[in-house]
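FYI, it's all coordinate maths here, none of it is from the lab. Please read all numbers here as calculations on a predicted model, not as lab measurements. Note: ideal-geometry Cβ built from the backbone for every residue, glycine included; neighbour counts use all protein chains shown.
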Amino acid sequence: MAATTAPTRRRTSHAILALFGTVMLVGGTDLSKVTVALPELTGALSLGTTQTLWTGDVHPLAAGVALIPGAVAADRFGRRRVYLIGLVVAVVGAAAAGLAASGALLIAARVGQGVGSALLIAGTVAIIRVIFPDVGSRALAYGVWAAGFSTGSALGPLLGGALVEYGDWRWVFWVNVPVLLACLVAAVLVLPESTNPDPPSLDAVSAVLSASAVGLLVAGLKDLTQPDTAPWLAPAVIVAGALAALGFVVRQLRMPRPFLDVRLLGDGTLANAALVLAVTVGVLNGTLYLLTLRFQVVDGRTAIAAGVALLPLAVATAVGALLGPLLGRWFAQHIVVVAGLFAAASGFLTVATAPEAGALVGMASLGLGAGVIMAIGANVVMSAAPEERTADAGAIQESAFALGAGVGIAVLGVTAVRFAAASGAGTAPEAVHGVGTDGALGVAAVLYVFFGLAAGIHLIASSRGRRGGREPLANPV
């Protein structure tokens, strides 16, 4: 019986890995293929500048808002149940986005896609911990999961361009439906159910505070793009978001079993790694967003040509995600992350300042460094947390990914609008995605170089203070 059980378990685990990899492949394409379709969407639905920004980044932002409550729900009510609900929500959101007749309906559907992604991520992280209890198999599982997302991101611009050029913008969303429906059937068949015997507190106030903090902070950033709004409105909204975030932190510190254990952020290594993840993912996605629109709106390239032009950035990200764990077998984690920061910062600066030929090299360097950081930085966050708080660390890690992507698009998009207006070029799409994009990338690149230096120094110092700074990656992902 034991001989029969082991192969059966292996087949089941392989099926689960294939399921997770496929779902993450679809999720990876969502972040990049929609950006390629934005010019077509803008014309078809008469989207304004702010609606265009919301369409591009409301998906990862909604995911960021829902990740922490989703993780709590998975631990309390069942990881399989939450994963299945996430697939249903993602399918409905994709179908509704393709049917949208206005910008408001499209944005609402994109919110649904983001919530579905959050539930899928929350369920996946927890299920992997149960199905793959030993370090080696768990590392393989997270590697397949990350590779699926990286491959999806690499294929997204080309897939989105082909769908827009040879079909219709609606198929950018509808293509998800049959694939995710097949994954839903597979998930029903292969996923086991499990819960956490000591789950985080189910606290409605904490959920509202976390969602309010994220929503208000991002809404305030987006209000900065509107020259006709009252000058006090955006700062007031941002302050309200900061107060909600402060209230969330204070409440967690007073709870015996918090909704999210924010005390983990007191660990310098974990906090620094999460910050590096968020900022780098923001830089990567914001750059992808701006370059996609510039290639089409200013350079006049077709959607598929824009997707091809962005392949060096996307493919290099996938390569970096695979290269990082390999480097982590021979070098200390913080050394690999610092090397990734150096590559990403130098590449970003090249993209912002060099002519087109140099920008191709810059995109490759930026993508390579970002991929390394995403692979190793996530492991740093998880390994820095104690075993009994891995769920909280996972929520912090995935929130850094999701919020970094959304806020990065918002901040770089806002900067492009403001830079174009300040330069006298105006706020027409050609000006925003031409002069505005050049200025936004330049300013952001310089700031990221200084951030990379500061974060690298701090990461090395905190890692040496914690473990002597000599450990290789014990659990490559």
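Side notes on the structure shown:
- Only one of 332, 321 that is closer than 14 Å to residue 376 by Cα, small (Gly, Ala, Ser) and in contact with an Asp or Glu (Cβ under 7 Å, 6 or more places away or on another chain): 332
- Within the stretch 194-209, the residues that satisfy the criterion of being within 24 Å of the chain's Cα centre (by Cα) and assigned to a helix (DSSP H, G or I) are 206, 207, 208, 209.
- Scan of the stretch 292-310 for residues that are part of a helix (DSSP H, G or I) and in contact with a Phe, Trp or Tyr (Cβ under 6 Å, 6 or more places away or on another chain), ordered by number: 306, 309
- The lone criterion from (1) within 22 Å of residue 303 (Cβ to Cβ); (2) free of Cβ contacts under 8 Å to residues at least 60 places away in the same chain; (3) surrounded by fewer than 24 Cβ atoms within 10 Å (Cβ to Cβ) left unmet by residue 92 is number (1).
- Taken together, the criteria place residue 50 among residues that are under 18 Å from residue 107 (Cα atoms), within 22 Å of the chain's Cα centre (by Cα) and surrounded by fewer than 24 Cβ atoms within 10 Å (Cβ to Cβ).
- Every residue from the stretch 369-383 that is surrounded by 24 or more Cβ atoms within 10 Å (Cβ to Cβ) and either more than 27 Å from residue 52 (Cα to Cα) or of a type in the set (A, V, I, L, M, F, W, C) (or both): 369, 370, 372, 373, 374, 375, 376, 377, 378, 379, 380, 381
- Looking across the stretch 320-334, the residues that are farther than 19 Å from residue 384 by Cβ and surrounded by 24 or more Cβ atoms within 10 Å (Cβ to Cβ) come down to 320, 321.
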